[in-house]
1. Any idea what the dipole of the protein assembly as shown comes to, in debye rounded to 20, about its Cα centre with Lys/Arg Cβ at +1 and Asp/Glu Cβ at -1?
2. Taking Cα atoms, how many degrees apart are the long axis of helix B:103-123 and the longest axis of chain B, rounded to 10 and kept between 0 and 90?
3. Distance in nm between label sites at A:THR52 and B:ARG40, each 7 Å beyond Cα in the beta-carbon direction?
4. Sketch the reach of a paramagnetic label on A:GLU146 as a point 7 Å from Cα along Cα-to-Cβ, and name the residues of segment B:1-37 whose backbone nitrogen lies under 16 Å away.
5. Taking H placed 1.01 Å from N in the peptide plane, check which residues at least 5 places from A:GLU9 or on another chain put their amide H under 5 Å from its amide H.
6. Copy-to-copy spacing for A:THR52, label 7 Å out on the Cα-to-C-beta vector, in nm, shortest first?
7. For the ranges B:89-97, A:129-137, what's the packing order if you count other beta-carbon atoms within 10 Å of each residue, average per peptide, and put the highest first?
8. Once you have the Cα-Cα distance between A:GLU32 and A:ASP77, take 0.36 nm times their residue separation minus that, and quote the gain in nm to one decimal.
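Throughout, read-outs are computed from the coordinates displayed, never taken from laboratory work. Treat the numbers as computed from the prediction; the structure is a model and nothing was measured. Please note: Cβ atoms are built from the backbone with ideal geometry, for glycine as well, and neighbour counts cover all protein chains shown.
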Protein chains: 2
Amino acid sequence: MRFDRPPPEPLASAPGFLLSWNGQRTSHTFAEALKPLGLRPHHFGVLTLIDTQPGSTQQELVDRSMIDPSSMVTVIDELEELGLAERRPHPSDRRKHAVHLTDRGIETLGRARASAIQTAEELFAPLDAEERETLRRLLRKLAGVETASARPRLGAD
Amino acid sequence: MRFDRPPPEPLASAPGFLLSWNGQRTSHTFAEALKPLGLRPHHFGVLTLIDTQPGSTQQELVDRSMIDPSSMVTVIDELEELGLAERRPHPSDRRKHAVHLTDRGIETLGRARASAIQTAEELFAPLDAEERETLRRLLRKLAGVETASARPRLGAD
DNA sequence: TATTGTTATACTCTATAACTATA
DNA sequence: TATAGTTATAGAGTATAACAATA
């Protein structure tokens, strides 16, 4: 699929297609922005989750990411090869690993976040601040995310 | 990716992830709905385009669908195998094919549309009519679709 | 020379099932 | 018996480049 021009009619009039197209373009653009850092979207997502809760087990990361277990193994393998994360023995269960970020992982996550913020800025440029907030609210409602009071948002990706 | 539950935080707070997730769920749900008819989303899209402009060349379908040329060959091959479309000689250029729907293609397209309408109804159930229209408007703007006056919309997919 | 359609191929991503070691 | 992690494998989907026929 090409994303260098808007979808032509009659596709652009179909709400389902519109949503798919915007979603795919978004993933694609973020993926491109992460490439210079040697990362793919899953790497960024998992780095973020480890940062949020250092020492998570792989199973916990699976639950919080919607990535399946075998893919999670690959992602963490790659993060280790890149020197961004490491598996440590879990204190109380020898089956589990406690996954942590390395110093370099923390640095790289910072750079990835900056890149994501800039990408989001470019992607959402056609919308003003109020429209962006409306879109976010509608997408959360559509996804079935609990809208329990005002959670702090991530701003970036 | 699993779509049977909403994405957990902090992913659900990231506008880019939200958009990707909703888009992927939408594609996935439409794909599932089309399976009983033996169709994939590309089949439905191309059937729609042929119906809109019978006798289109494959290149025209490529331009109007954002499907690349070699994939278009496969899609039309499959539509022919299913007895839903056929390549006819182009009246003025022997390199080209004029692609038409068969009677069965027209019937199947009708069934696919009905299925798409029902799927869209289920997907967008969390939003009321006004919210759906707002979402559609914002997604069109985000995609860069020209909002030139009121075009008739497709209602369905 | 350029265009239309085709073929062959390779690549990415993901899903599935079977296996191990521990509990 | 059940769980955490791993491995191997297969499948879907898509992109790329080379090619033949025709303009």
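1. Using Cβ point charges on Lys, Arg, Asp and Glu, the protein assembly as shown gives about 60 debye.
2. 10 degrees
3. Reported label-point gap for A:THR52 and B:ARG40 is 3.3 nm.
4. Answer for segment B:1-37: B:5-13.
5. none
6. Between copies, matching label points for A:THR52 lie 3.9 nm apart.
7. So the order, starting with the most tightly packed, is A:129-137, B:89-97.
8. 14.1 nm
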